[in-house]
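One structure is given here, and the rest of the page talks about it.
The values are calculated or read from the model by the stated rules, or taken from the named source; none is laboratory data. Since the model is a prediction, treat every value here as computed from it, not as a measurement. With ideal geometry, Cβ positions are generated from the backbone for all residues, glycine too; neighbour counts draw on all protein chains shown.
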Amino acid sequence: MTAVEFAKAMDYDYSTVMRWLKDGIVPGAEFVPISGQFGVWQIPKSALTEIKLPRPGRKRRPKKVEVKKAEASAQTSLFEQPETAAKPKTRTKKTGVKKAAKKKGGAAK
């Protein structure tokens, strides 16, 4: 069966099925080139029952704490101290001149 037929049988959008095919999620699917980059996906009917659908939603990124722990544990030896990156300085808020004074061009009253 083709990708369009597979999408209708699974009751999913064609673009979703094409993403699954490109990611290799559909078992037994083969791309048959016709000319150059153009071709047809051939999907076996057994793929309707064998497919393991991906979990819906966005993929989760690892938390920053986990990434920092992984970096800290990557020491070359037990006796070396891990290198720490310097934190950038935070900017302080400028105070002293009122907004109204800035607009008029004169000093605040």
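Tabulated data
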quantity: Odd one out for Thr16, checked against (1) exposed (fewer than 14 other Cβ atoms within 10 Å of the Cβ); (2) over 28 Å from the mean Cα position of the chain (by Cα); calculated: (2)
quantity: Check on Arg55, within 29 Å of Asp11 (Cβ to Cβ) and modelled with pLDDT of 60 or more; calculated: yes
quantity: Within the range 32-52, considering residues that are closer than 19 Å to Ser15 by Cα and of a type in the set (Val, Ile, Thr), the one surrounded by the most Cβ atoms within 10 Å (Cβ to Cβ); calculated: Ile43
quantity: Selection from the range 6-43 of residues that are within 22 Å of Pro56 (Cα to Cα), outside any loop (DSSP other than H, G, I, E, B) and among the charged types (D, E, K, R); calculated: Lys8, Arg19, Lys22, Asp23
quantity: Meets criteria (modelled with pLDDT under 90, in a helix (DSSP H, G or I) and β-branched (Val, Ile, Thr)) for Val67; calculated: yes
quantity: Test: Lys98 is surrounded by 11 or more Cβ atoms within 10 Å (Cβ to Cβ) and at pLDDT below 85; calculated: yes
quantity: Breaking point among (1) over 27 Å from the mean Cα position of the chain (by Cα); (2) modelled with pLDDT of 90 or more; (3) surrounded by fewer than 10 Cβ atoms within 10 Å (Cβ to Cβ), for Gly24; calculated: (1)
